[in-house]
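Inspection log for the structure reproduced underneath, given as structure tokens.
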Amino acid sequence: MPISSETIKTVTAQLYDRALRGIPEDAEAALRSASLSERNETARHTLRLMLESADAAQRQQHFVCSDAGIPVYFVKVGAQANFGGEVRRAITEGFAELVASIQPPLLPHVTHPLTLERGYQGKGMPIVTFDLVDDCDFVEIICSPKALGSGRWAALEIFTLPDLQVIETFVIDTVIKAGAQPCPPVVIGVGVGGTFDYAAKMAKEATLRPIGQRHSEPMVAAMEQRLAEAVNMTGFGPMGTGGDSTAMAVNVEYCAGHGFTPVAVAFNCWINRRTRARLYNDGRVEVLE
């Protein structure tokens, strides 16, 4: 039984809708933990307000933030998955139907980069990346709407044969330049190596890793720990109120490359928008996040 276009359309629209009305369980746990360990009284109060806002949005089915962002999907296609129709068009149609029906309405954030005209449609929208996964018979779809605060401050630079100190300094410099604009506490993704485009992709995907899950390689895990400690020493704190809680996590991914080494840094704001589902050949839909 193939995975139908109708299923893809429905599931991707639902993932976007749900991403706007709550925060992932791991982000909620990280915020609660930070509210207990945070030494700054104003920051503790801000963290409590964030948790209350997220809870109210979920109970009342409102948006956690008025900036609903633009639609971004990461699709992992199993090599044994079977499709019964067009995939990209289904995602596009799902978003269009959501725009027409969602309450409260979405603001027109999709912007033409050359004319600055705003609306709900545009070239390349929704943004979808596809990856093929061997030995897999399902399709996994992640929705992570990208808003202005976290999207504006991403950065990438290409170095020649950098050491760890150069890479980590660039990450911290990027965080300092961003300040409180990405709406901390943030999840920071870092992509190292590969090519210009692939480093950015790794950084974006690193923001989707569950909070608390370290890289499997000890050297990289230690790098993540050092960076997280350094970011939280900047003192920006929740929404710029000061304190110890600027980052919930720093996640690093890397790829071998040439002597030139791109380093990319991406942010997810405190809402950490991330919903995920798997679609199986037998028609099942498994909601993971």
Worksheet, complete the sentence: In region 161-208, residues that are part of a loop (DSSP other than H, G, I, E, B) and farther than 25 Å from Gly240 by Cβ total 5
Fill in: Residue list for region 131-148, filter: of a type outside the set (Ser, Thr, Tyr) and in a loop (DSSP other than H, G, I, E, B)
Asp134, Asp135, Cys136, Asp137, Pro145, Ala147
Worksheet, complete the sentence: Among Leu148, Leu98, the single one that is touching a Gly at 6+ places or on another chain (Cβ under 9 Å) and either touching a residue at least 40 places away in the same chain (Cβ under 8 Å) or of a type in the set (D, E, K, R) (or both) is Leu148
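Restricting to region 149-168, what's the tally of residues that are buried (at least 16 other Cβ atoms within 10 Å of the Cβ) and within 27 Å of Leu20 (Cβ to Cβ)?
So the answer is 6.
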Fill in: Selection status of Gly194, loosely packed, with under 14 Cβ neighbours inside 10 Å, touching a strand residue (DSSP E or B) at 6+ places or on another chain (Cβ under 8 Å) and over 24 Å from Ala68 (Cα atoms)
no
Fill in: Residue check for Ala277: buried (at least 23 other Cβ atoms within 10 Å of the Cβ) and not polar (S, T, N, Q)
no
Worksheet item: What single numbered condition from (1) buried (at least 17 other Cβ atoms within 10 Å of the Cβ); (2) farther than 9 Å from Pro238 by Cβ; (3) touching a residue at least 40 places away in the same chain (Cβ under 8 Å) fails to hold for Ser37?
Response: (1)
Worksheet item: Can we say Met239 is part of a helix (DSSP H, G or I) and either within 20 Å of the chain's Cα centre (by Cα) or within 20 Å of Met202 (Cα to Cα) (or both)?
Response: yes
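Residues are listed down the side, and each one gets a yes or a no for (1) basic (Lys, Arg); (2) outside the structural domain of Leu15 (by TED's automatic domain parsing); (3) closer than 27 Å to Asp137 by Cα; (4) assigned to a loop (DSSP other than H, G, I, E, B):
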{"residue": "Glu86", "(1), (2), (3), (4)": "no, no, yes, yes"}
{"residue": "Ile91", "(1), (2), (3), (4)": "no, no, yes, no"}
{"residue": "Phe95", "(1), (2), (3), (4)": "no, no, yes, no"}
{"residue": "Val99", "(1), (2), (3), (4)": "no, no, no, no"}
{"residue": "Gln103", "(1), (2), (3), (4)": "no, no, no, yes"}
{"residue": "Leu106", "(1), (2), (3), (4)": "no, no, no, yes"}
{"residue": "Gly122", "(1), (2), (3), (4)": "no, no, no, yes"}
Discussion item. Looking at (1) within 30 Å of Glu93 (Cα to Cα); (2) at pLDDT 95 or above, which one does Gln61 not meet, given that it meets all the others?
Written reply: (2)
Fill in: Residue among Pro210, Pro126, Pro185 that alone is closer than 22 Å to Met233 by Cα, surrounded by 14 or more Cβ atoms within 10 Å (Cβ to Cβ), within 20 Å of the chain's Cα centre (by Cα) and not small (Gly, Ala, Ser)
Pro185
Discussion item. Could you list, ordered by first residue, the pairs with Cβ atoms under 7 Å in which the first is in region 233-261 and farther than 27 Å from Cys65 by Cα and the second is surrounded by fewer than 17 Cβ atoms within 10 Å (Cβ to Cβ) and among the hydroxyl-bearing types (Ser, Thr, Tyr), at least 6 apart or interchain?
Written reply: Cys255/Tyr198; Gly257/Thr195; Gly259/Thr160; Phe260/Thr160
Worksheet item: Has region 53-62 got at least one residue that is part of a loop (DSSP other than H, G, I, E, B), touching a residue at least 24 places away in the same chain (Cβ under 8 Å), on the phi < 0 side of the Ramachandran plot and buried (at least 19 other Cβ atoms within 10 Å of the Cβ)?
Response: no
Fill in: Selection status of Asp282, in contact (Cβ under 8 Å) with a residue 12 or more places away in the chain and either in a loop (DSSP other than H, G, I, E, B) or surrounded by fewer than 24 Cβ atoms within 10 Å (Cβ to Cβ) (or both)
yes
Worksheet item: Going through region 84-117 one residue at a time, which ones are closer than 23 Å to Arg284 by Cβ and surrounded by fewer than 17 Cβ atoms within 10 Å (Cβ to Cβ)?
Response: Gly84, Gly85, Glu86, Arg88, Arg89, Glu97
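The values are calculated or read from the model by the stated rules, or taken from the named source; none is laboratory data. Quantities reported herein were computed from a predicted structural model and do not represent experimental measurements. Ideal geometry is used to build each Cβ from the backbone, glycine not excepted, and the neighbour counts take in all protein chains shown.
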